[in-house]
Amino acid sequence: MRRVFHILLVLLALIAPAAGSLEALEATPIIEETEPVLLDVVPPGPPCSLTVRDYLENSDFGDKIEIEWGLSPDDGSGACDVTGYILSRALAEGEVGEVLDEISSGVTRYIDESVEPGVEYYYNLVSHDGTSPSGRVWAGPTAGRANLFQWSRFSVLVLMVVFFAMVARFTAVAGKGAKLFVRRIPGLNAIEEAVGRATEMGRPVLYVPGIGEIDNIMTIASLNILSHVAKITARYDTPLIVPTARAVVMSAAEEVVKQAYTEVGNPDAYNPDNIRYLSDAQFAFAGAVNGIMLREKPAANLYMGAFWAESLLLAETGFEAGAIQVAGTAMVSQLPFFVTACDFTLMGEELYAASAYLSREPKLLGGLKGSDWMKVVSIALIAAGIIARAVGLESFVAWFQTQ
Amino acid sequence: MRRVIPLAITFLIGMFMLVDFFVPHHVVSSAAAEMKQWGTIVIAASILLGVGNLIRVHYKKISRKQEGWGYSIVTLSVMVVMLFFGGPWGTIQEGSVFNWIFLNVQVPLQSTMFSLLAFFIASAAYRAFRLRSLEAGMLLVSAIIVMLGRVPLGQFLTRGLPEQATLPWLTETIMAYPNMAAFRGILMGAALGVMAMGLRVILGIERSYLGGDK
Amino acid sequence: MAKGSDIRNIDRRFIFVLVLAAVVWPLLHPLRLPMDISPPVQSVYDAVEAVPAGSIVMLAADYSPDTMPELQPMAETFIRHAFRRDLRIVVACLWPASPPLVEQALGPLSEEFGKEYGTDYVNLGYMAGGIVTLLGMGASIPETFPTDYGGTSVDEIPLMLEVENFDDIAFVMEVSAGTPGTREWVQQVQSRFRVNLASGTTAVGAPNFYPYVQSGQLTGLLGGLKGAAEYEILVGAPGDATSGMDAQSVVHALIVCFIIFGNIVYFVSRRSEKRLAQDV
């Protein structure tokens, strides 16, 4: 398909000059109708040079070529009648090709931002005075080449390396047995309590891993928490219902829960029919989960992952059904709804911290500590940015601008 | 071994996507785009797993006559009806039966579910906004200002007052400063959480999402 | 948070009935409350007004039936605005449910303005892939959407012969309910291809996108039903959104009343509880 597309482009480039000359023929009588005496019959001098090269200044994708030329002797001096330049581009030598742009007089540089990376182009330029064009100057071939590093993202790379270094350092420190303090997260402590209550009441636990796809990092975080929750329910022999809105998430959840039950030594208690795919459609899913809440009456509802407008529909129904509810999401716009209707809510990064907090595994805690220190660095950089802007040190601020 | 291969794939693809972010060369970007296409295809194909699960769970429910098995019949028959009309006669073409069902059944059903939010918000607000403490009081007052300031009624109630005392102005101020600041704070924390989590996943430190640690 | 039995937790069906009345009543008897135009909405209107007549604009519709009440009026008003200014419209969707919804708006409006399919407007329908599709459109729109919604090859549609990539699109109106949507359009299309982009989103989603308006990456923003109503008023065609705003006003006022009533009940019951404790 791509090749056909290229052939079409070449054909177009070949047809374009012919079409251009037809247009010129049609235009001739109109010039004759005007007063011939006033016509400027002397064409202006052509541009005195034309150079083309790959555009390098801003780490492009190879889709830009830079064109520079010397002004025509009649632009700003001489007959002083140049009104502008016409720049054209072709795929073959000697062809005029398609007109790229009409550029006003006095300008000597143009960046062609519409090139295909790696394709060689020939450029030509004429000056004109409104009635007749000058002779053509030619240049090329040149191809746009992508740079090997996106320099406009250099600041991101630096900060990322700093961040990764911190995470690596704290992971190593934690691995050696150093005690790392993590503040109490009530929402996570409440999970065990909620499962305990469901066990006492002899009712199931409902775990909703959000409606995000598996490539959503909130879903991954949720599956990690699910693994811990499944271990608790396996120990207590409490049914665990996991409704999902995505088939891949369902299949991952099956694996996670099955493994957790095996690890705890209660594989027989695992019921594959409790990991259910409901619907990809957001509100069909919400309706189905609400149905489970009202029919199967879980005593604990855990909502962890990416949620959108269905958050309050789920949490209010759960409240009405009288369940203990713990939610966790990094979707800022849904947090107010969960805070209102649930007993505990994990906000933003608490969701990502959950697996480290619950497992207390040193390697995971190291990552948590690393993010905390990166937060300190970010706060310092924000303060520095405010000061830099206040004292007019724009280059500091500009360094952080990315593309 | 069962864990090594998935972890190795995760590491290689994760690293490649990082490289793609920093290297604009079209060889890298086209390879990355190709991989993303694969992702889309895998996810699309996985719908079969979902359908399989749906049929299994509901078939069992019906055959054992478990509580609520009537709903399972409805679910499975609707699926069969949609597959029947969607297959041979096309799905989204104007005038097809599938399209007709979509517009006349699914559209009103989904709109109804979404509009239930208005009712739920009202009952949640009635219950949650209580003047229990100073903080709760501030939340309550700002909620009232924003709720009224967002609709023409707020503008109508405070017309004639100096601009800084009108509800729309107060609403904009609350949304643009305290709200936006808190919003960005949570967002930045979450972004760092995502990065740390991503790193842990790429390096294979976090692996319970693969189904346990072993 | 188990349900209590006192008046603090009154039967919520009572609340629901009042909300229903507050929605229906103003729809039947419009209050016609005056409405100011907010700057982000004015910017959307001005941006469409600034596009030269005859240019090609794009309506990127990424929403599903559930958000129709908020977003359909935006799409309708944009189509009306574009047709009235003799702009030609290309519709492209990243959500499978969107094409028939846009079709519902295009049908009557094209008749009203005497516009012809294929020359004045085209509905390219849905294409899977999200970000990958957006990047593909940057290289070639006809290659990314080889056929239109009805299955006709784009090579046979006169309007599409004039469209290669975003260079040929003078303005993009992205009406979006989630992901993929406005964020992807800004991050992948606006920042790479410098497209003149405005967005219409749900009220819940709008706060996420105000930073893009501040940074100039979005020319303007229609936020929720209110944004849609303001746009309708600017275009001079008050419709569903404008009448919906009255309902929204009344419901918001009702919720404020609920909150105040809830607090009064809370204080009264707390005082009587205290008194009871003292008596005992």
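For the range A:100-167 and the range A:237-292, write down the distance between their C-alpha centroids in whole Å.
53
Please figure out what share of the DSSP beta bridges in the protein assembly as shown is antiparallel and state it in percent, rounded to the nearest 5.
40
Run the helix sum for the protein assembly as shown: -39,500 (n - 2.57) per DSSP H stretch of 4+ residues, divided by residue count, reported at 222 nm to the nearest 500 deg cm²/dmol.
Mean residue ellipticity, 222 nm, calculated: -17500 deg cm²/dmol.
Can you give me the Rg/Rh ratio for the protein assembly as shown, using Cα atoms for both radii and the Kirkwood formula for Rh?
Rounded to two decimals, Rg/Rh equals 1.00.
With a bin width of 10 angstrom, please list the P(r) values of the range B:123-185 as percents of all Cα-Cα pairs, from the 0 bin to the one holding the largest distance.
21, 44, 32, 3
Please compute the Kirkwood hydrodynamic radius of the range C:108-201 from all pairs of different C-alpha atoms, in Å with one decimal.
Radius from the Kirkwood sum: 14.1 Å.
Cut-off is 10 Å between beta-carbons; in what order do C:Lys115, C:Lys274, A:Lys179, A:Lys369 appear when sorted fewest neighbours first?
If I rank by nearby Cβ atoms, fewest first, I get A:Lys179, C:Lys274, C:Lys115, A:Lys369.
Among bridges DSSP assigns within chain A, what percent are antiparallel (round to 5)?
60
Go through A:Lys231/A:Lys375; A:Lys231/A:Lys363; A:Lys297/B:Lys65; A:Lys258/A:Lys369; A:Lys231/B:Lys36; A:Lys231/B:Lys61 and tell me which ones have a Cα-Cα distance over 22 Å in this structure.
A:Lys231/A:Lys375; A:Lys258/A:Lys369; A:Lys231/B:Lys36; A:Lys231/B:Lys61
Give the percent of DSSP beta bridges with both residues in the range C:39-238 that are antiparallel, rounded to the nearest 5.
5
Pick out which of A:Ile379, A:Ile225, A:Ile241 has the largest mean-square fluctuation in a Gaussian network model of chain A, springs linking Cα atoms closer than 10 Å.
Residue with maximal mean-square fluctuation among A:Ile379, A:Ile225, A:Ile241: A:Ile379.
Using alpha carbon centroids, what distance separates the range A:327-403 and the range C:147-165, in Å?
Taking the Cα centre of each part, the range A:327-403 and the range C:147-165 sit 46 Å apart.
Evaluated at 20 °C with a viscosity of 1.002 mPa s, what Stokes-Einstein diffusion coefficient in µm²/s does the range A:180-360 have when Rh comes from the Kirkwood expression over alpha-carbon pairs?
D = 136 µm²/s.
Along the charge dipole of chain B, Cβ charges K/R +1 and D/E -1, which of B:His25, B:Met15, B:Ala181 sits furthest on the positive end?
It is B:Met15.
Tell me, Kirkwood radius of the range A:131-198 from alpha-carbon pair distances, in Å?
19.2
Over the alpha-carbon set of the range B:1-88, divide Rg by the Kirkwood Rh and report the Rg/Rh ratio to two decimals.
Answer for the range B:1-88: 1.24.
Please list 3J(HN,Hα) in residue order for the range A:259-265, calculated via the Karplus relation 6.51 cos²θ - 1.76 cosθ + 1.60 where θ = phi - 60°; whole Hz, with x for glycine and proline.
Rounded to whole hertz, the list is 4, 4, 5, 5, 4, 7, x.
Along Cα→Cβ, 7 Å out, is where each label goes; now give me the distance between the ones at B:Thr112 and C:Glu116 in nm to one decimal.
4.4
Counting other Cβ atoms within 10 Å, keep those with at most 16, restrict to DSSP loop, and tell me which GluC sites (Glu not before Pro) in the range C:80-168 are left.
C:Glu116, C:Glu162
Compute the orientation-averaged projected area for the range C:1-138 from the convex hull of its Cα atoms and round it to one decimal in nm².
13.7
By its C-alpha gyration tensor, with a ≥ b ≥ c as the square roots of the eigenvalues, how is the range A:317-403 shaped: rounded for a/c under 1.5, else prolate for a/b larger than b/c, else oblate?
In terms of gyration-tensor shape, oblate.
Quick one: what do you get for chain B if you divide its Cα Rg by 2.2 N^0.38 Å?
That ratio works out to 1.55.
Highest mean first, how do A:304-312, B:166-174 rank when packing is the count of other Cβ atoms within 10 Å averaged over residues?
Ranking, from highest mean packing down: A:304-312, B:166-174.
Ranked by Cβ crowding within 10 angstrom, fewest neighbours first, how are A:Asp75, A:Asp215 ordered?
Result, fewest neighbours first: A:Asp215, A:Asp75.
Let me check I have the definition right: for chain A, take the eigenvalues of the Cα gyration tensor, multiply each by 5, take square roots. What are those semi-axes in whole Å, largest first?
Whole-Å semi-axes of the equivalent ellipsoid: 67, 27, 19.
Once you keep just the Cα pairs under 8 angstrom separated by 6 or more residues, what percentage relative contact order results for chain C?
For chain C, the relative contact order is 24 percent.
What is the mean number of Cβ atoms from other protein chains located within 10 Å of the Cβ atom of each residue in peptide C:254-262, rounded to a whole number?
6
Sequence gap at least 6, Cα distance under 8 Å: using those rules, report the relative contact order of chain A to the nearest whole percent.
This gives 14 percent for chain A.
Nearest 20 debye, what's the magnitude of the dipole of the protein assembly as shown about its Cα centre given +1 on Lys and Arg Cβ and -1 on Asp and Glu Cβ?
For the protein assembly as shown, the charge dipole is close to 6260 debye.
Once every Cα of chain C carries one equal point scatterer and solvent is ignored, give the base-10 log of I(q)/I(0) from the Debye formula at q = 0.07, 0.09, 0.14 Å⁻¹, two decimals.
Ignoring solvent entirely, the Cα scatterers give -0.33, -0.49, -0.95.
Can you pull a Stokes-Einstein diffusion coefficient for the range C:202-250 at 10 °C (1.306 mPa s), Rh from Kirkwood over Cα pairs, as a whole number of µm²/s?
139
Which order results if B:Arg64, B:Arg56, C:Arg183 are arranged by neighbouring Cβ count within 10 Å, fewest first?
B:Arg64, B:Arg56, C:Arg183
If you line up the Cα atoms of the range B:91-214 on their principal axes, what length do they span on each, largest first, in Å?
Over the range B:91-214, Cα extents along the principal axes are 65, 51, 28 Å.
Every number here is computed from the coordinates shown, using simple stated rules; none is lab data. For clarity, every value in this text was computed on a predicted model and none was experimentally measured. A quick note on method: Cβ atoms are made from the backbone with ideal geometry, for glycine too, and the neighbour counts reach across all protein chains shown.
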